[in-house]
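Here is the structure we will look at, set down as structure tokens.
The values are calculated or read from the model by the stated rules, or taken from the named source; none is laboratory data. This is a predicted model, so every value here is computed, not measured. All Cβ positions, glycine included, derive from the backbone under ideal geometry; neighbour counts span all protein chains shown. Surface accessibility is based on the protein's heavy atoms, side chains included, excluding ligands, DNA and RNA. Shrake-Rupley method; radii C 1.70, N 1.55, O 1.52, S 1.80 Å.
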Amino acid sequence: MSVCNFTRSGLRSATRAARMELKAPARSMSLLSQRTPRSAAPQRRAAPAAVRSMQTLDFAGSPEKVYERVDWPLEKLQDYFKNDTFALLGYGSQGHGQGLNLRDNGMNVIVGVRKDGESWRQAVGDGWVPGKNLFTVEEAATKGTILMNLLSDAAQTATWPELKKYVTKGKTLYFSHGFSIVYKDQTNVIPPSDVDVILCAPKGSGRTVRTLFKEGRGINSSVAVFQDVSGQALERAIAMGIAIGSGYLYETTFQKEVYSDLYGERGCLMGGIQGMFKAQYDVLRANGHSPSEAFNETCEEALESLYPLVAQNGMDYMYKACSTTARRGALDWAPEFEKACRPVFERLYKSVKDGEETRRALGFGNRPTYREDYDKETDAIADQEMWRVGHVVRSLRPHRSQE
Ligand SMILES: NC(=O)c1ccc[n+]([C@@H]2O[C@H](COP(=O)([O-])OP(=O)(O)OC[C@H]3O[C@@H](n4cnc5c(N)ncnc54)[C@H](OP(=O)(O)O)[C@@H]3O)[C@@H](O)[C@H]2O)c1
């Protein structure tokens, strides 16, 4: 299928409409009400290309609050957290991204991981110094005022009986997922009643959290409050969201965050996409198409050409940017796929809601061999013909050969 040139006029109107403020937002929180004039905002280390304020946006008829980083210039952020020690417990994908961003933003941050484990090694590689800002989980939890539980979700369950001793009055308990709190019947993670419990969940991998920050951009994240003892929990969650490198934040609840997150990653974000790609590729191969043709018509064109158009301007734009032949077929077949997929998505949502997904995740994640076991399964994907072909196709991309 070929992609032709297409004029963009008129296609940005929906975006513009969504950005119109419904009304001036009520600002009840102390720091949010002291808005810094744009001109006076100190420059960040990596200044964003465009900054915007907190506002209520019209999401296709539903008003929702969005918090943006213009309200949190770096100086104000540093002042706000000047008496805090961020204890980053865990140094996986999120620990790495959030930790390095916090450090670059001038926050007082320490890392807590298993001594001499893989994460310890990686943290040392990233410049964290044992005894100075790299400790065991227990030591870091003792020193921190904000305990950022970024251990794997399974490890959060396994370590809670020990960790909860350090979650003492006045501290803030922070998560990047609603998992441990919402599925407390499985995890037994029940925080004491005298601490704020907040969440900031970046909508992407920790690697992206880091990359976008370094580019002066910022990932979108959701924020939520589970327990507000200080009366400042939402404000702290928003400030933390900005401090870890978010560009803007949506408000949600722990439950909504975890349901939508587990559902999304099993569906269109990861599981669904692998399943769709594989099914399409296999049918092409069964009908005599070469591996390169099957891969190009399934994955390469999607990822390199069409999905970026959807990302920039929406599905309608991508449809219009393609040939009329392609458009006819896509318009006709989209409802077929929707009909076929809908029952799978219904089953998936139910499985998330009734706790089956978390049971499986905990069962696997708590195995002592969890890394090797997961590697075996992802290695099996790498070994599928489709992705072995992908390896060759990617090496042909002109910009690759210039690297
Ligand atoms: N990754 C994402 O894209 C993403 C996005 C948004 C939110 N989140 C959430 O962010 C949190 C962290 O996820 P992640 O992907 O960054 O990390 P992860 O890869 O799931 O977890 C890795 C960390 O957990 C530690 N760990 C595992 N088992 C342990 C145990 N029994 N005792 C002590 N430490 C243990 C590992 O240390 P060792 O190296 O020593 O094993 C490592 O530091 C989760 O709540 C996740 O749901 C993740």
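Treat every Asp and Glu Cβ in the chain as -1 and every Lys and Arg Cβ as +1, leave all other atoms uncharged, and give the resulting dipole magnitude about the Cα centre to the nearest 20 debye.
Here the chain has a charge dipole of around 1060 debye.
So for the chain, averaging the separation of alpha carbon pairs under 8 Å that are six or more residues apart and normalising by length, what relative contact order in percent results?
15
Determine the percent antiparallel among the DSSP beta bridges restricted to region 55-252, to the nearest 5.
DSSP beta bridges in region 55-252 are roughly 35 percent antiparallel.
Using per-residue counts of other Cβ atoms within 10 Å, averaged over each peptide, order 113-124, 223-234 from highest down.
So the order, starting with the most tightly packed, is 223-234, 113-124.
What net charge is computed for the residues neighbouring Asp383, neighbours being all others with C-beta under 13 Å from the C-beta of Asp383, Lys and Arg scored +1, Asp and Glu -1?
Result for the local shell: -1.
So, with a 1.4 angstrom probe, what is the percent of accessible area on region 271-396 that is carbon and sulfur?
58
Rounded to the nearest Å, what's the spacing between the alpha carbon centres of region 140-199 and region 296-366? Just the number, please.
Their Cα centres are 34 Å away from one another.
Rolling a 1.4 angstrom probe over the protein heavy atoms, how many square angstrom per residue are accessible across region 55-252?
38
Using a 1.4 angstrom probe with every protein chain in place, what is the largest-first accessible-area order of Lys350, Lys184?
The ranking, largest first, comes out as Lys350, Lys184.
With every protein chain kept in the model, how would you rank Trp333, Trp128 by accessible area, 1.4 Å probe, largest at the top?
So the residues, ranked largest to smallest area, are Trp333, Trp128.
Would you mind putting 355-368, 187-200, 70-83, 96-109 in packing order, based on average other-beta-carbon counts within 10 Å, highest first?
The peptides rank, most packed first, as 96-109, 187-200, 70-83, 355-368.
Shape of region 271-396 from its Cα gyration tensor (a ≥ b ≥ c, root eigenvalues): rounded if a/c is under 1.5, otherwise prolate when a/b > b/c, or oblate?
Judged from the Cα gyration tensor, region 271-396 comes out oblate (a/c at least 1.5, b/c at or above a/b).
If you average the C-alpha positions of region 204-280 and of region 86-135 separately, how far apart do those two centres end up, in angstrom?
With region 204-280 and region 86-135 each reduced to a Cα centre, they are spaced 20 Å.
What pairs from Lys184/Lys339; Lys171/Lys203; Lys164/Lys214 go past 32 Å between their alpha carbons?
Check vs 32 Å cut-off fails for Lys184/Lys339; Lys164/Lys214.
Taking every DSSP beta bridge that has both residues in the chain, what percent is antiparallel when rounded to the nearest 5?
Restricted to the chain, the bridges split so that about 40 percent are antiparallel.
Amide H neighbours of Gly112 under 5 Å, counting only residues 5+ apart in sequence or on other chains, H built in-plane at 1.01 Å?
Leu88, Leu89, Gly90, Phe135
Size of the dipole of region 55-252 about the Cα centre, Lys and Arg at +1 and Asp and Glu at -1 on the beta carbon, nothing else charged, in debye to 20?
Using only the charged Cβ atoms, the result is roughly 480 debye.
Add -39500 (n - 2.57) for each DSSP H run of 4 or more in the chain, then divide by its residues: what number comes out at 222 nm, to the nearest 500 deg cm²/dmol?
Helix-only estimate at 222 nm: -14500 deg cm²/dmol.
Among residues other than Asp126 whose Cβ falls under 12 Å from its Cβ, what is the net charge (Lys/Arg +1, Asp/Glu -1)?
+2
Just the number, please: carbon plus sulfur as a percent of the accessible area of region 80-169, 1.4 Å probe, no ligands or DNA/RNA counted.
It is 50 percent, rounded to a whole number.
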